[in-house]
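> Below: one structure in C-alpha cells.
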Amino acid sequence: MREWSSRSRPRRPADKRPVAVESDPVEEHLLESLRALAPPSMPVLVPSEAEAIWQAQVDSRQTDYAARWLGQHGRTFYTIGSAGHESNAAVALAVRIGDPALLHYRSAAFYLARAAQAGIDGVRDLMLGVVAAAAEPIAGGRHKVFGRKELSVIPMTSTIASHLPRGVGMALAIDRATRLELPCPWARDAIVLCSFGDASLNHATAQAALNTAAHSAFQHLPLPILFLCEDNGLGISVPTPPGWAEALLRSRPAVRYEYADGSDPAEVLDVSRGLASWVRGERKPAVLHLRTVRYLSHAGADAEIAYRTPRAIRADFDRDPILATARWLVASGRHSGEELAADYEAARGRVRAKALEATKHAQMTSAEQVMSPLAPRSPGTVALRAGAVRFEGAEPLTLAQAINAGLAAVLERHPEALVFGEDVAIKGGVYGVTRGLHARFGAGRVFDTLLDETSILGLALGAAVSGFLPIPEIQYLAYLHNAEDQLRGEASTLQFFSHGQYRNGMVIRIAGYGYQRGFGGHFHNDDAVGVLRDIPGIVIASPSRPDDAAAMLATCAAAASVDGSVCVFLEPIALYHTRDLYENDDDAWCSALADEHVPVGAARSYLDGDDLALVTWGNGLHMSLRVARRLAMRGVSALVVDLRWLAPLPVDDILAAARATGRVLVVDETRRTGGVSEGVLAALIDAGFDGRLARVASKDSFVPLGDAARLVLLSEDEIEEAALRLVG
Ligand SMILES: Cc1ncc(C[n+]2csc(CCOP(=O)(O)OP(=O)(O)O)c2C)c(N)n1
C-alpha cells in the first residue's frame, strides 16, 4: 500500500510520489497508548461483540483520515468526520439490522458496525460518498449521507435535527400498522433509532419531536423510539453548558433517560442493550445520552485551535473510544496492545486502498441523471389507481362537501390512508371538511394531533416511509410556514437523496388563500405560495370546483402511492361553502361528483371565447367566470382556463389557450411578487408565445382585517379593466 503526503496538493492522489504518512496528535497519542497497554494479571470475561466494536471504530476513524487525505488532494467535496464518537458502534450492536435508523452525521461507526453485521462493506459505501461517486449506494453522489436500504438506514439531510420528527412518525407507524393489520416494511417489534448531537438538541425541530414523543407516550400511545444524543459538548465552536443536555433530556415526561460514557464501551453496550430491549418490549420512547468527544475539528476547514485551548483539546485524548475498546480487549487477554496498534495501522492501508478505489468511480455526468429520482411520474398507472376510487352519491355538493366525499372515497379505497391534523377528528375540521370521517373510519385512521405543524408533517414523513398514505391537514396556509423545512428539506428530498429507494408519498391538505368575506386577517387569508412553487418535484393541486376537487384528491392519492409523489392540496377556503356563481341561489358553484380522471398537470377550460384567455385558478376561477359574463355583454368573448395544478404547471394547455386567442390575461389571486402569474408568463415566453400578455395580481401586502382586505386582494373590477385594455 502506497502513501502520499498532503503538502504539495496535486490534483490526483495517484499523481504523487509515495512518502510517509503525516502524523496527527490524536493518532500519535492513540498509537502510543495502545503500545503501552500492559497485559492483564487476571484476564476478565469480555463479550464477543468487543471485536466487532473495535473493528467498526477503527474503520470509522481511518475513514475520517482517508477522507481528509482525499480532501487535501481536492478529491472530496464535503468532509465531516465521526472521530471521537465511535462509541456509537456499540449502540448499533444493541439494536437490530431491521430497526430503522436515522443517523447523525457522526454515526459512521454505527453504520459500519451494522454494515459488518450484514456482511456489507460499509467502508466502501462511505468512501464512495466522500468522493460523490454515482455508484454510492444510497444517494448516488447527491450528498454525503449514511444510508442503505438493506441496512434500514434512511438518509438524513444536513439540516440538524430535522430527521427527528420523521423518526417519531415512524415509531408511531410501526404499531399503528399492527393495529390496522397493514403491511409495514419494519418488523412488528421493531424500534426506531434516531441519533443527533447535543447542540442540535436545542433546535425547535428536536424539541418538537421530543415533545411529540412524550405527548404520545404520556397518553399511552405506543411509540418505540430510541433517541441517541451523541454529546461531545460542542456545537461547532460553541460549548454546550455542562449539565444542560442531561437536564433537558431528563425533563421529558414519559421518556426514559439513561446515560453512558463513550469512553467505557462495556457500559455503552450494556446500557444501550437494556434500553433497546425496554423500548422494544414496552413500546415507549427512551433517550440514551452518550458522552463523546470530538476530534479533528468540526468539519472541512474548521480549525478548532481558533476557539479551543490546546490544553482542552489534549484533555480529550485519553477519552478516545478506540483506546477504551482496546483496554477492554487487552483486559480479556485475547489481544496485546502491540497487536491492536498493528491492527489499527493495517486498517489505514486497507481503508486508503478503498479510498483510492473510490476515486476511480465517476460522478454523475448529466442533469438528467442528477434529477432522475426527483419526480417520477407514471400517468397510466396513476390513472388506473385513481379510477378505482369511487365517489358516493349523485347530488350536487359544495367544495367542502366534495373534498369530504373525496377523502371518504380515498380512505375507503386505500386502507393505508390516514387523515390527521389539528381538530380534524370529532370536530371535523375548522370548516367541517373532515366531518364524519372519524366516526366512519375510526380513531386509528382519522385522528387529532397535537398543535404543532412540524410534528404533523413529521408524522406524515414517518408514516409514509413505513407504508402508509398520509393525508395530513395544515389548518391554514400561514401555519405551514412554521414547519416548512419538513416539507422543503425532508419530504421533497427523500427520493432525491436515496435515489428513489425510499419514498414518502403523501397528500398534504392545506386550507388557504384570501377572500373570506373580510374574516380573519392575514393569517387566515394567506396567499403566499411562492415558497411551495420552487420546491423541485412536488405536485401542487389547487381545485376550485367541487367536481374537480374529489377527482384531483383521488389523483394525488394515487400519485403518492404509485410514484411516491409529495402532493400539496391547496384548498380555497372562501369557496368551501360557496354555492352560487352568477346570482343568489343559482347553485352554479355546486356540482355532482364525476368519476372522470383528472391527470396531474392537466388544466380545464370554460367557455369558448376567442378574444382572450383568462388563465387562472382557485378563487380566480370564480371571479374570472363572472367577469367573462360581463365581458360578453360588452361583446368580448373570453376563454377561461383553470390551471388546477400549480406544479407541474399545465404548460401545454396554457399554450394552446394562448395560441387560440392570441391574448392572455393571467388572473392571479396571489401576490404580485413570487405569485403564480410569474410562472405562467415565464412559461409562455419560454415557449415563444408572441401574442399579447398581461397579468393582474393581489398586492405585495399582508391581508388586513375587515373590509380593508379588499384593498389589497385582486378584484373582479381589476380583472375586467385589464381584460378590456388587453383586447382594446
Ligand atoms: C438547522 C441548521 N442550522 C445550522 C446548521 C449548521 N450546523 C451544522 S452542524 C452544527 C453544529 C451541531 O452541533 P451538534 O448538534 O452538537 O453536533 P456535533 O457536530 O457536535 O456532533 C451546525 C450549527 C445546520 N446544519 N442546520
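The values are calculated or read from the model by the stated rules, or taken from the named source; none is laboratory data. Because the structure is predicted, anything quoted here is derived from the model rather than measured. Because the Cβ atoms are built from the backbone with ideal geometry, glycine has one as well, and the counts that use them run over all protein chains shown. For the accessible areas, the whole protein counts, side chains as well, though only heavy atoms, and no ligand, DNA or RNA atoms are used. Shrake-Rupley method; radii C 1.70, N 1.55, O 1.52, S 1.80 Å.
> Once neighbouring chains are kept in place and the probe is 1.4 Å, which whole percent of the accessible area of segment 454-534 is contributed by carbon and sulfur?
52
> Which whole-number value in Å² is the accessible area per residue of segment 399-449, probe 1.4 Å? If you can, show how the numbers build up before the last one.
Values: 1690 Å² over 51 residues.
The answer is 33 Å² per residue.
> For D534 and M371 in the same chain, what is the full-extension length gain: residue separation times 0.36 nm, less their Cα-Cα distance, in nm?
Values: separation 163, 0.36 × 163 = 58.68 nm, distance 1.48 nm.
In short, 57.2 nm is gained.
> Let me ask you something else. When DSSP assigns beta bridges and you keep just the ones with both residues in the chain, what percent turn out antiparallel, to the nearest 5?
On the way: 10 of 66 bridges.
Of all bridge pairs located within the chain, approximately 15 percent are antiparallel.
> Mind grabbing the accessible area of C229 for me, 1.4 Å probe, Å², rounded to tens?
0
> Place a +1 charge on the Cβ of each Lys and Arg in the chain and a -1 charge on the Cβ of each Asp and Glu, then give the dipole magnitude about the Cα centre in debye, rounded to the nearest 20. Before the final figure, lay out the partial values.
Details: 73 positive and 86 negative charges, 296 e Å.
Dipole about the Cα centre, nearest 20: 1420 debye.
> Roughly speaking, what % of Cα-Cα pairs in segment 139-214 are separated by over 14 Å, rounded to a whole number? Don't skip to the answer; put the middle values down first.
Details: 1868 of 2850 pairs.
Pairs farther apart than 14 Å: 66 percent.
> Hey, another quick one. According to the square roots a ≥ b ≥ c of the eigenvalues of the Cα gyration tensor, what is the shape class of segment 633-728, taking rounded for a/c under 1.5, prolate for a/b larger than b/c otherwise, and oblate for the remainder? Before the final figure, lay out each step's value.
On the way: a/c = 2.24, a/b = 1.35, b/c = 1.66.
Judged from the Cα gyration tensor, segment 633-728 comes out oblate (a/c at least 1.5, b/c at or above a/b).
> Below 8 Å between Cα atoms, with a sequence gap of 6+, how large is the relative contact order for segment 643-728 in percent?
Details: 101 pairs, mean separation 26.0, N = 86.
Averaging sequence separation for qualifying contacts and normalising by length gives 30 percent for segment 643-728.
> Also: Along the Cα→Cβ direction, 7 angstrom out, place labels at K427 and L711. What is the inter-label distance in nm?
3.1
> Could you check how much of the accessible area of segment 236-282 is carbon and sulfur, as a whole percent, using a 1.4 Å probe? Provide the component values of the computation, followed by the final result.
Details: 1290 of 2370 Å².
The computed percentage sits at 55.
> Taking Cα centroids, how far is segment 155-204 from segment 665-728 in Å?
Rounded to whole Å, the Cα centres lie 43 Å apart.
> Continuing with the same structure: What net charge do the residues around H335 carry, taking every other residue with its C-beta under 15 Å from that of H335, with Lys and Arg at +1 and Asp and Glu at -1? Don't jump to the answer; show the numbers that get you there.
Details: positive: R35, R327, R334; negative: E49, E51, E338, E339, D343, E345.
It works out to a net charge of -3.
> Of the peptides 33-44, 558-569, how do they stack up when ordered by the mean number of other Cβ atoms within 10 Å, highest first? Intermediate values should be presented prior to the final figure.
Values: 33-44: 12.5, 558-569: 26.0.
Per-residue mean Cβ counts within 10 Å order the peptides as 558-569, 33-44.
> Could I ask something else about it? Over the heavy atoms of D189, what accessible area does a 1.4 Å probe trace out, to the nearest 10 Å²?
60
> Taking all protein chains in place and a 1.4 Å probe, what share, in percent, of the accessible surface of segment 113-157 do carbon and sulfur account for?
It is 47 percent, rounded to a whole number.
> Order W278, W645, most accessible first, counting only protein heavy atoms with a 1.4 angstrom probe. Spell out each step's value before the answer.
Details: W278 65, W645 0 Å².
Ranked from most to least accessible, the order is W278, W645.
> With the contact rule set at Cα under 8 Å and sequence spacing of 6 or more, what percent relative contact order holds for segment 176-327? Mind showing how you got there, number by number?
Working: 212 pairs, mean separation 40.0, N = 152.
Computed value for segment 176-327: 26 percent relative contact order.
> May I ask you to derive the relative contact order of segment 490-613, considering only C-alpha pairs under 8 Å and at least 6 residues apart, and to give it as an integer percent? Spell out each step's value before the answer.
On the way: 177 pairs, mean separation 36.5, N = 124.
Across segment 490-613, relative contact order equals 29 percent.
> Report the local net charge at D587: Lys and Arg +1, Asp and Glu -1, summed over other residues whose C-beta lies under 14 Å from its C-beta. All intermediate terms of the calculation are to be shown ahead of the outcome.
Numbers: positive: R545, R579; negative: E395, D547, D580, E583, D585, D586.
Local net charge: -4.
> Sum -39500 (n - 2.57) across every DSSP H segment of at least 4 residues in the chain, then divide by the residue count to get the 222 nm mean residue ellipticity, nearest 500. Write out the running numbers ahead of the final one.
On the way: 26 runs with 286 residues, N = 728.
The per-residue figure over the chain is -12000 deg cm²/dmol.
> Something else: Which log10 I(q)/I(0) values does the chain give at q = 0.08, 0.09 Å⁻¹ under the Debye formula, counting every alpha carbon as one identical point scatterer?
Values, matching the q order: -0.69, -0.84.
> Lone cysteines in the chain, going by a 4.7 Å Cβ-Cβ cut-off?
Result for the chain is C184, C194, C229, C590, no neighbouring Cys Cβ within the cutoff.
> Quick one: Karplus J couplings for segment 194-200, per residue in order, coefficients 6.51, -1.76, 1.60, θ = phi - 60°, nearest Hz, x for Gly and Pro?
Running phi through 6.51 cos²θ - 1.76 cosθ + 1.60 with θ = phi - 60° gives 9, 10, 6, x, 6, 6, 4 Hz.
> How far is the Cα center of segment 575-633 from the Cα center of segment 395-464, in Å?
Measuring centre to centre over Cα atoms gives 27 Å.
> Quick one: net charge around V641, please, counting Lys, Arg +1 and Asp, Glu -1 for every other residue with C-beta under 15 Å from its C-beta.
-3
> If the cut-off is a Cα-Cα distance under 12 Å, which aspartates and glutamates reach K144, setting aside same-chain residues fewer than 8 apart in sequence?
D125, E136
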